[in-house]
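Working notes, beginning with the structure itself.
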Amino acid sequence: MSSCQLTIVDSVDKVIFDFLGEFTLYDVSRIEKKIVNINLLKTDNVVINLDNITYLDTTVALYLNKLHQKFLDDSKKVFIQCATKKIQATLDLVQKETKNLEKLKQENKKKIITTIGKDSFKNCLGFLSFVEFIGKLFATKLFYFFSIKNIRFKEIAYEINESAIKALGIVSLTSFLIGLVIAYQSAFQLKLYGANIFIVDMLGISILRELAPLITAIVIAGRSGSAFTAQIGAMKITQELDAMRTMGFDPYIFLVLPRIIAMMISMSILIFVADMMGLLGGVVVANIDLGISSDVFLERFKEVVSIKHFFLGMIKGPFFAFLIASIGVYRGFMVKDDTQSIGKNTTKSVVESIFAVIVCDAIFSILFTNLGI
Amino acid sequence: MQNIIEVTNIKTIFGDKVVHNNLSLKIKEGEIYGLLGPSGCGKTTLLREMVMLQKFDSGSINVLGHSLENIRHKEAQKLRREWGVLFQAGALFSSLTLAENIALPLVEYTDLSKSMIDEVVAFKIHIVGLKVSDAQLYPSQISGGMKKKAALARSLVMDPKLLFLDEPTSGLDPISAREFDALILKLRSLLGLSIVMVSHDLQSIYDTLDRVAIIDNKQIAYEGTLSNIHSINNTFIKTFFKQTELRR
């Protein structure tokens with residue numbers, strides 16, 4: 001691209017700006033610097049000579065217009081020479097269109113207090129709208145279960161396949177490794193006191209009661225909760241939800257309830273699998289590191305770990321599942337009309353559902369301890 | 001007049017479906033050229049191939065003197081600054097305001113000062129018929145027609161020599177659609193733009209296009225001016241243009 005050359009002829013009574021070549025937006029800032037440095041105090045007449053310009057774009061025309069205005073403000077006489085009709089037309093267009101043009105407004109900076117206030121208010125509203133979502137779910141939708149015909153078995157089965165069967169691998173592997181690690185770390189301490197056999201008590205209670213449900217919930221929040229948000233969010237952007245509503249298909253029945261129910265069922269299956277795999281990890285370490293054979297492990301297990309621990313862990317499942325699925329779906333509904341908000345809401349969905357699961361677990365823990373279970 | 005785009009013997013295959021078979025056309029500098037045809041005939045595909053968004057299976061496309069089959073990265077980047085593309089739904093970046101969207105090419109590719117950029121942005125917003133006060137809005141806050149105008153402002157901001165429009169008037173109300181046509185004609189005469197567009201809007205086709213290519217059955221059914229299109233014996237042309245005759 002041939003760039004524009006500027007020659008400045010400073011004669012007695014006038015200054016001539018002589019432009020040559022193709023004048024495009026890439027040249028503007030260079031030319032601008034050159035012109036700013038010129039002292040124009042002693043002359044009254046300025047000539048802008050565009051006769052030798054081959055091409056000129058609108059950015060340049062805007063710049064020349066600005067320059068022209070500036071010279072006029074300095075009470076100089078300006079002559080623009082232009083031989084080519086096309087260039088003159090561009091200049092005329094810019095001059096005509098910029099006459100009543102407003103300046104681009106700059107965004108004013110917000111004060112930090114204002115930002116904090118606004119954000120807190122928004123968060124409060126966000127919590128209220130989640131409560132509203134849950135209320136709506138319970139108040140108007142659960143009565144559909146009074147008739148078995150309303151339950152959408154096909155969707156539920158599909159979601160169970162998606163969120164439980166396909167997640168079996170990752171949940172098993174994670175809980176197996178957690179069992180392995182916990183056992184390995186405690187084996188070292190137990191060996192010091194010669195209390196090898198107590199590994200069974202420790203693993204049995206911690207995995208069945210706390211670890212397996214929690215690990216499963218966290219994996220599923222990251223895996224299926226985020227998927228729910230993204231699916232429903234994308235459907236919202238493409239107006240599929242609106243289309244469903246106009247056709248009389250209630251999204252709560254078609255999309256929300258099947259996912260929540262499926263998740264509650266899936267979670268129980270997955271926690272059971274996680275229990276088994278976690279204990280398997282423990283058995284492996286006990287066998288190799290502590291010399292406790294699997295027969296001894298299982299015998300001790302039967303003696304010291306009562307069945308209530310298993311049930312306590314399993315009971316948490318549906319609660320966690322409800323939280324994860326409802327937060328995921330709710331976040332999907334919160335997606336606005338642009339692509340950015342899918343990402344934002346997916347992140348929020350995962351963070352909030354993991355947080356909710358941990359809070360729920362803490363409440364259960366206090367409850368069970370105080371009940372003496 | 002020089003050819004600005006030359007498409008020679010293009011073949012495009014999606015899976016086992018042949019979209020274009022030995023399709024050739026030439027677009028001259030300074031003209032407004034329309035790609036027409038029944039839906040699913042591959043107009044938009046051809047447009048996407050011209051702007052290097054999609055690969056074709058054989059043949060060659062030459063745009064502004066660069067052949068696209070084995071173009072190098074640096075050349076391709078240079079070529080991309082010399083054209084503007086307007087997508088059907090605007091494709092404005094949703095995380096940026098209108099002003100930021102339009103200013104983006106200037107900020108990235110030139111060393112213009114902030115005040116100069118603001119001025120260019122305000123001018124382009126004005127010239128496409130938007131209000132300068134709308135500049136701080138985000139794309140999700142404006143209507144479809146406004147999005148389209150803002151997207152046109154973005155594609156024009158570097159003063160390209162070549163403009164690709166994918167259904168520019170679809171989704172606009174009739175008045176803005178005609179204004180849009182007038183704007184396109186004005187810009188062409190002022191800036192020496194060459195314009196390639198896909199369109200279904202008959203009024204717009206008659207008002208703006210210099211020459212058209214009609215793609216039907218994987219090939220060009222007709223290439224030339226609109227005045228002698230009725231001599232062609234093609235079902236699509238007959239039905240499509242007969243309606244206009246009745247309406248006019």
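Couple of notes before you dig in:
- In chain B, the sites counted are GluC sites (Glu not before Pro) in DSSP loop states with at most 15 other Cβ atoms within 10 Å, and the longest stretch holding none of them, exclusive of the sites, is B:70-248.
- Filtered GluC sites (Glu not before Pro), region A:89-142: DSSP coil and at most 12 other beta carbons within 10 Å: A:Glu102, A:Glu107
- Computed from backbone phi, the HN-Hα couplings of region B:196-208 come to 10, 9, 9, 8, 10, 8, 4, 4, 4, 4, 5, 6, 10 Hz, rounded to whole numbers (Karplus: 6.51 cos²θ - 1.76 cosθ + 1.60, θ = phi - 60°; Gly and Pro given as x).
- Peptide B:109-120 has a mean of 5 when you count, residue by residue, the C-beta atoms of other protein chains within 10 Å of its C-beta.
- Residue of A:Ser120, A:Ser349, A:Ser175 that the Gaussian network model of chain A assigns the largest fluctuation, springs spanning Cα pairs under 10 Å: A:Ser120
- For B:Met197, the residues 5 or more places off, or on other chains, whose built amide H falls under 5 Å of its own are B:Tyr33, B:Gly34, B:Leu35, B:Leu165.
- Shape call, the protein assembly as shown: gyration tensor on alpha carbons, a/c limit 1.5: prolate
- Here region A:265-359 was treated as a single set of alpha-carbon atoms; its pair distances binned every 10 Å from 0 give 14, 30, 24, 18, 10, 4, 0 percent.
- For region A:9-163, the Kirkwood radius over C-alpha pairs fed into Stokes-Einstein at 4 °C and 1.567 mPa s yields D = 58 µm² per second.
- The Cα atoms of region B:141-218 give a gyration tensor whose axes a ≥ b ≥ c have a/c of 1.5 or more with a/b no greater than b/c, which makes the shape oblate.
- Cut-off under 5 Å, modelled amide H: who pairs with B:Val157 long-range: none
- The label point for B:Arg80 and the one for A:Thr114, both projected 7 Å from the Cα toward the Cβ, are 3.7 nm apart.
- Region B:89-140-region B:16-70 distance, computed between alpha-carbon centres (Å): 30 Å
- Each 5 Å bin, from zero up to the one with the longest distance, holds this percent of the alpha carbon pairs of region A:1-91: 3, 13, 26, 29, 18, 9, 2, 0.
- Kirkwood hydrodynamic radius (C-alpha pairs) into Stokes-Einstein, region A:139-206, 10 °C and 1.306 mPa s, D in µm²/s: 100 µm²/s
- Integer Hz, Karplus 6.51/-1.76/1.60 couplings in order for region A:23-39, x for Gly and Pro: 9, 10, 5, 6, 8, 4, 5, 5, 5, 4, 4, 5, 6, 4, 6, 8, 8
- Average beta-carbon neighbours from other chains, 10 Å sphere, peptide A:49-62: 3
- Label-to-label distance for A:Leu41 and A:Val296 is 10.2 nm, based on points extended 7 Å past Cα in the beta-carbon direction.
Bear in mind these aren't lab numbers, they're just calculated from the coordinates by the rules spelled out. Everything quoted here is computed from the prediction, not taken from an experiment. Neighbour counts are summed over all protein chains in view; Cβ atoms, including those assigned to glycine, are modelled from backbone coordinates with ideal geometry.
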